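Presented below is the structure to which this report refers.
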Amino acid sequence: VLIDEIYIGSDSVCHVVGPAPPTPTPTATPNVVSVTFSQVTASTEPISPNPVVAPYNPGIGQRIFPDDDTPGDTVDRRLVRVTATLSQPIANVPVYFRNFDLDDPTTDSVIDPNGAAGNDNNGMPRPGQLLFANGCGANGPSVFCPTNASGVATIDFVVTRQPGDNFAIAASVDPIAVNRVTVNGIELADGNGQNLPTETCPTQPICRSQMLTVWRRLHIEVDSMGQSTENRAIGTIRDTTRIRAGETVDVPLNPTTPSALEPNRFEGGRLVVNFRSYRVTCVIANGDTCNTADSVRVTNTAGVATLFAGYPFELYDDDDFNDNDVTFLDGDTGEDISAPDEITPNGMSLLTVGSDVETSNVFAPAYVRPLYLDETRDNCLFQQNLASDDDRAERRAIFRQCWDFGDRNTDEEFWYVVVFGAYQFTQASDLDPTTEYESGVVGIVDATTGVTGDLEGSGALIFMELHRTREIPAYNPDPMNVTSLSNTVAHEVGHLFSCQHGEYGLMGDPDGNPTSSLFTPASISRIRVLIHP
Ligand SMILES: [Zn+2]
């Protein structure tokens, strides 16, 4: 100090040759040079870069999976440790933290109706929550925690669990500066409206973290019916009937199981009497009747035959879920019904494991990733048709006979659905005969999940017998085709996420006919607010 006074006070000593004055000891306040995240208990899907998912997620910052790794997991994976590091290793410096809900980065006004403003997360509290630990305290909107001997201050932060919610943390040793920070789109701005530097801040007074975005996992169990049995009608011939070669006749029947045949169900089918087969031949469009409650129209393609009264008969319709029976139609007797879609190691076509691409994971634009549970059962009870078109209990009974994680059905931390390979919905909607086309049902859920309350959907029945050109002439197995089996699966899982007909895209028009293979913003918005599927 004395030397300084001499220099400052006397121009005459400028030319004096001698030792230079010592550099003053730095007295500047240290600043926060970095703010980073780590999960307190790392998930099997750890914090990682947030991927780009066209067209709503530009892939900024990091993502976190704050849900359970396994059913019944007791670890709270919402906990994130925020680490702020000072420019100098000084202990007991209070670092002031603030948490923010940044704007949703999409430009879509359905998903993000409040424009560039923040505070638009779906989970509560919207900006997440900073937790007080020993030595921490509140200062207006910020929470301060002291540094350790390395000049590092940490605080734990709780994120929400709604997919697509996003956050950022600002930190500074200056409480006034950090309390003036505001959200500016996906940026944070200081009191002068200048955007803060992200993650590394060599000299700036306020530092902020990267944007942290919530992603969720969807755990899918896939089960299916076992071998087809008794998918036929039986009884006896009512009146002796002679059929010449090439002739077409109506054969009178006494059906026993069922006691009355569904009119025209046996279009394109096969009658078996005394080890001989007769094709059911008719053209409904020409006004033909294929079968009544107690008769069937067949053609004899071989030599003359006599069907004697009292002879037993078997009658099969055109059911052949895997198209392998050709003319030997037998109701798929003894064939194991397949699981829906391609269950490769990567799962189903539009619900591919680990995919962040919207064309192989249609849930990716809603920040959801599919996984498959190992417990797959393929021998659940066969049922040719459901009895009722509005009985949820009946539908549930079909898949609940085989589900292995039913106790996770309404778990908010472990999202779980069952996708079940079934055979056909009700007789009125199984496309037997093909004139049922307008009422055909290719898949159904026990219930379309309500956003809240007890309207809980938990499983999807996919009707395997209908997904083929014999039943749907326009059928196209390409996953991106709206008729495909893959589409049906994704559409039904959409219902389990509360998506509804009339949202168009994958969820379809008001009649439920998909208009594309992707979810629209209306559907994505529903998925993102749901507490659990
Ligand atoms: Zn539907």
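Every number in this text was worked out from the coordinates using simple rules, so none of it is lab data. The model shown is predicted, which means the values in this text are computed figures rather than measured ones. No Cβ is skipped: glycine too gets one built from the backbone with ideal geometry, and neighbour counts run over all protein chains shown.
Taking only DSSP H segments of four or more residues, each worth -39500 (n - 2.57), what value at 222 nm results for the chain once the sum is divided by all its residues, to the nearest 500 deg cm²/dmol?
Values: 5 runs with 43 residues, N = 533.
Result for the chain: -2000 deg cm²/dmol, rounded to the nearest 500.
The Cβ shell under 13 Å around A170 holds other residues with a net charge of -2, Lys and Arg each +1, Asp and Glu each -1. What's log10 of I(q)/I(0) for segment 386-533 at q = 0.14 Å⁻¹, Debye sum over Cα points only, no solvent? Log-scaled intensity ratios, in q order: -0.65.
Please compute the net charge surrounding M211, taking Lys and Arg as +1 and Asp and Glu as -1 over other residues with Cβ under 12 Å from its Cβ.
On the way: positive: R63, R208; negative: D101, D103, D104, D165, E187, E199.
After counting each charged neighbour, the total is -4.
Every pair of different Cα atoms in the chain enters the Kirkwood calculation, which places the hydrodynamic radius at 27.4 Å. Measuring max minus min along each principal axis, the C-alpha atoms of segment 76-161 give extents of 49, 28, 24 Å (largest first).
The value of relative contact order for the chain, using C-alpha pairs under 8 Å at least six residues apart, is 13 percent.
Computed over segment 343-417, relative contact order equals 16 percent, with contacts defined as Cα pairs under 8 Å that lie 6+ residues apart.
What does the charge add up to near E375, with Lys and Arg as +1, Asp and Glu as -1, over the other residues with Cβ less than 9 Å from its Cβ? Local net charge: -3.
Run the dipole for segment 229-345 about the Cα centre, Lys and Arg Cβ at +1, Asp and Glu Cβ at -1, nothing else charged, and hand back the magnitude in debye, nearest 20. It would help to have the intermediate numbers written out before the result.
Values: 9 positive and 21 negative charges, 193 e Å.
Here segment 229-345 has a charge dipole of around 920 debye.
Taken about its Cα centre, segment 253-322 carries a charge dipole of roughly 300 debye when the Cβ of each Lys and Arg holds +1 and the Cβ of each Asp and Glu holds -1. Please compute the contact order of segment 268-345 in relative form: average sequence separation of alpha-carbon pairs under 8 Å and at least six residues apart, divided by the residue count, as a percent. Value for segment 268-345: 29 percent. Gain on full extension, evaluated as 0.36 nm per residue between A28 and N119 minus their Cα-Cα distance, stands at 29.2 nm.
Assuming a viscosity of 1.002 mPa s and a temperature of 20 °C, what translational diffusion coefficient in µm² per second does Stokes-Einstein assign to segment 165-220, Rh being the Kirkwood radius over Cα pairs? Answer from the Stokes-Einstein relation: 175 µm²/s. Projecting the Cα atoms of L351, C282, Q129 onto the charge dipole of the chain, computed from C-beta unit charges around the Cα centre, puts Q129 farthest toward the positive end.
Distance between the modelled labels on A149 and T74, one decimal in nanometres: 3.5 nm (7 Å Cα→Cβ projection).
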